[in-house]
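Just below is one structure, and these are the notes that go with it.
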Amino acid sequence: MAEPKRIPRNEHCISRDNIDDNALKVLYRLQHAGFRALLVGGGVRDLLLNHVPKDFDIATDAHPEQIKKLFGNCWLIGRRFRLAHIFYGREIIEVATFRAGHDEADDDGRHDDSGRILRDNVYGNIEGDVWRRDFTVNALYYDIADFSVVDYVGAMADIENRVLRLIGDPETRYREDPVRMLRAVRFAAKLGFTIHPDSLAPIQQLGHLLEDIPPSRLYEEILKLFHSGQAVRGLELLRQYNLFGYLFPATEKVLQSGDPVFTRFLTAALESTDKRINEGKPITPAFLFAAMLWQPMQLQAEIYKQTEETTSLAMQKAIASVLGDQIRAISIPRRFSTVVRDIWYLQHRFNNRHGRRARALLEHNKFRAAYDFMCLRSKAGEITDDSCEWWTNIQGMTFEQQERLLSPGKKSPRKRSKKKPKSD
Ligand code: ATP
Ligand code: MG
């Protein structure tokens, strides 16, 4: 193995002032106990790029049981490869023992027939740990012993040139773990990096490997990608690299049909998600799935309308069918799929601007999400009347003004009814 390049403190921009206090505490305590302790992964990468890291991951030569002894607030998780989670209030610092790289671990039985990695549970040293990481820019270590950055893979040059490059043979690395293709897209979108041509080439052909990834893992990965603040770019890249169809098959079909209204709507929805994230506003996964599957659901409902007695029944069936198909690729936790349904069901109620029904809509606990969704449909040209303006205006009114608008014939406005306490 080549000697690593050590970039001393005075030649890089990482300052302890920008490292989370709890991560520093963990690094120092490990170091004082005689272990190696280094910051690694996205934390180092983001600090070098002057971004605020999402989390700080730590690598060490201490074994999990040794880590646990040093920290009272520590839990070991994972069965195959144990990781230490150290808790500080709501913050968790993840500490991983160096893993053996490809050369040190006995290769027999480590991969399945398709090259997928099965065992990755051998402890090693930093020289081995580097090679199991995905991209060069994710394999930089910040050493608390002398505050230097340790670079085994030419990562500093890639940071400089804003290039994402897989460590090792790209096709082998994607086959080992196909989710790395989604990580490539996520980092390219989020950091504005270019994927190196050698790392990009196999992606176009290997998208089908995503079909074997558990839907729950894809759910986590898809949220990271679409909630990175660069969802519009993320969608563009996923489609460009033939990956999107494996994640949202029904959505890809509609986009491929060239439906201009839905394309505008989806772009507007993702733009609004990006804007909210960049302004630090809360977002819900339900909105993402509701937007992605909106037109597929409507098309399905049109088909059911030919056989079902009522529009509402056709919609119910369409929703069940579209969500049922989607969760075979990406799981959607029930607490969010119920909100997806609410957002969709509430859409047609915006047509009713009178009386108790309109009042009930205003007071529905998913009103705000459904209203945002409706305004995006309006922005995309799917709704052509003034619904968005009308429902925007009414929210700015007092209760009495609203009542005058909703029930013009009424003399004295009904007072906001207080819910009666439930009797046992
Ligand atoms: P983020 O900013 O999203 O936290 P990250 O690069 O830190 O990005 P994590 O998922 O937190 O990503 O993982 C931490 C590190 O672990 C990565 O930087 C990388 O070195 C390694 N890693 C994570 N997932 C994989 C993977 N699927 N294959 C190889 N290495 C991985
Ligand atoms: Mg991270």
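Identify all residues within the stretch 59-78 that are under 27 Å from the mean Cα position of the chain (by Cα) and within 14 Å of Val26 (Cβ to Cβ); write none if there are none.
Ala59, Cys74, Trp75
Would you check if Arg99 is within 12 Å of ligand 1 (Cβ to nearest atom) and farther than 25 Å from Lys190 by Cα?
So Arg99 fits the description; yes.
Would you please list the contacts, defined by Cβ atoms under 7 Å and residues six or more apart or on different chains, that run from a residue in the stretch 298-313 that is within 17 Å of Ile343 (Cβ to Cβ) to a residue that is part of a helix (DSSP H, G or I) and aliphatic (A, V, I, L, M)?
Close Cβ pairs satisfying both conditions: Gln300/Ala318; Gln300/Val322; Ala301/Ala314; Ala301/Met315; Ala301/Ala318.
In the stretch 27-45, how many are over 16 Å from Ser148 (Cα atoms) and either assigned to a loop (DSSP other than H, G, I, E, B) or within 6 Å of ligand 1 (Cβ to nearest atom) (or both)?
4
For residues in the stretch 152-164 being closer than 21 Å to Arg99 by Cα and crowded, with 22+ Cβ neighbours inside 10 Å, which is farthest from ligand 2 (Cβ to nearest atom)?
Val153
Checking Glu91 against (1) of a type outside the set (Gly, Ala, Ser); (2) within 16 Å of ligand 2 (Cβ to nearest atom); (3) in contact with a strand residue (DSSP E or B) (Cβ under 8 Å, 6 or more places away or on another chain); (4) at pLDDT below 95: exactly one of these is not met. Which one?
Every listed condition holds for Glu91 apart from (3).
Please pick out the residue among Gly381, Gly409 that is modelled with pLDDT of 95 or more, among the small types (Gly, Ala, Ser) and either more than 30 Å from Gln295 (Cα to Cα) or in contact with a Pro (Cβ under 9 Å, 6 or more places away or on another chain) (or both).
Gly381
Show the residue pairs that are 6+ apart or on different chains and have beta-carbon atoms under 6 Å apart, the first residue being within the stretch 26-49 and of a type in the set (Val, Ile, Thr), the second being within 16 Å of ligand 1 (Cβ to nearest atom).
Here the result reads Val26/Ile58; Val26/Ile86; Val26/Ile93; Val40/Asp57; Val40/Ala59; Val40/Tyr141; Val44/Leu140; Val44/Tyr142, each pair linking the stretch 26-49 to a residue that is within 16 Å of ligand 1 (Cβ to nearest atom).
Tell me, yes or no, whether the stretch 198-216 has at least one residue that is of a type outside the set (Lys, Arg), within 15 Å of Pro285 (Cα to Cα) and either touching a Pro at 6+ places or on another chain (Cβ under 8 Å) or surrounded by 17 or more Cβ atoms within 10 Å (Cβ to Cβ) (or both).
No, the stretch 198-216 has no match at all.
Can you name the residue in the stretch 156-177 that is in contact (Cβ under 8 Å) with a residue 60 or more places away in the chain and out of contact with any His (no Cβ under 9 Å at 6 or more places or on another chain) and is also nearest to Gln204 (Cα to Cα) among such residues?
This residue is Asp177.
Would the stretch 66-80 turn up any residue that is outside any strand (DSSP E or B) and within 15 Å of ligand 1 (Cβ to nearest atom)?
Yes, there is a match, as at least one residue in the stretch 66-80 is outside any strand (DSSP E or B) and within 15 Å of ligand 1 (Cβ to nearest atom).
Being touching a Leu at 6+ places or on another chain (Cβ under 8 Å) and over 15 Å from Gly207 (Cα atoms) is the filter here; which residues of the stretch 228-259 pass it?
Residues satisfying the conditions are Ala231, Val232, Gly234, Ala250, Thr251, Val254, Leu255.
Filter the stretch 155-197 for residues that are farther than 24 Å from Ser228 by Cβ and either of a type in the set (D, E, K, R) or more than 15 Å from ligand 1 (Cβ to nearest atom) (or both) and give the result.
Selection gives Ala157, Asp169, Glu171, Arg175.
Name the residue that is nearest to ligand 2 (Cβ to nearest atom), counting only residues in the stretch 124-151 that are within 23 Å of Glu176 (Cα to Cα) and among the polar types (S, T, N, Q).
Asn138
Here is a list: Glu221, Glu236, Glu211. Which entry is modelled with pLDDT of 95 or more and over 18 Å from the mean Cα position of the chain (by Cα)?
Glu211
Just one of (1) of a type in the set (Gly, Ala, Ser); (2) touching an Asp or Glu at 6+ places or on another chain (Cβ under 9 Å); (3) outside any helix (DSSP H, G or I) trips up Gly245, so point out which.
Condition (3) is where Gly245 drops out.
For the stretch 169-201: of the residues being outside any helix (DSSP H, G or I) and within 20 Å of Ile213 (Cβ to Cβ), which is farthest from the chain's Cα centre (by Cα)?
Selected residue: Ile195.
So is Ala59 closer than 23 Å to Gly128 by Cβ and either within 16 Å of ligand 1 (Cβ to nearest atom) or surrounded by 20 or more Cβ atoms within 10 Å (Cβ to Cβ) (or both) or not?
So Ala59 fits the description; yes.
The values are calculated or read from the model by the stated rules, or taken from the named source; none is laboratory data. Since we're looking at a predicted model, the values are computed, not measured. Virtual Cβ from ideal backbone geometry, glycine too; neighbours counted across all protein chains shown.
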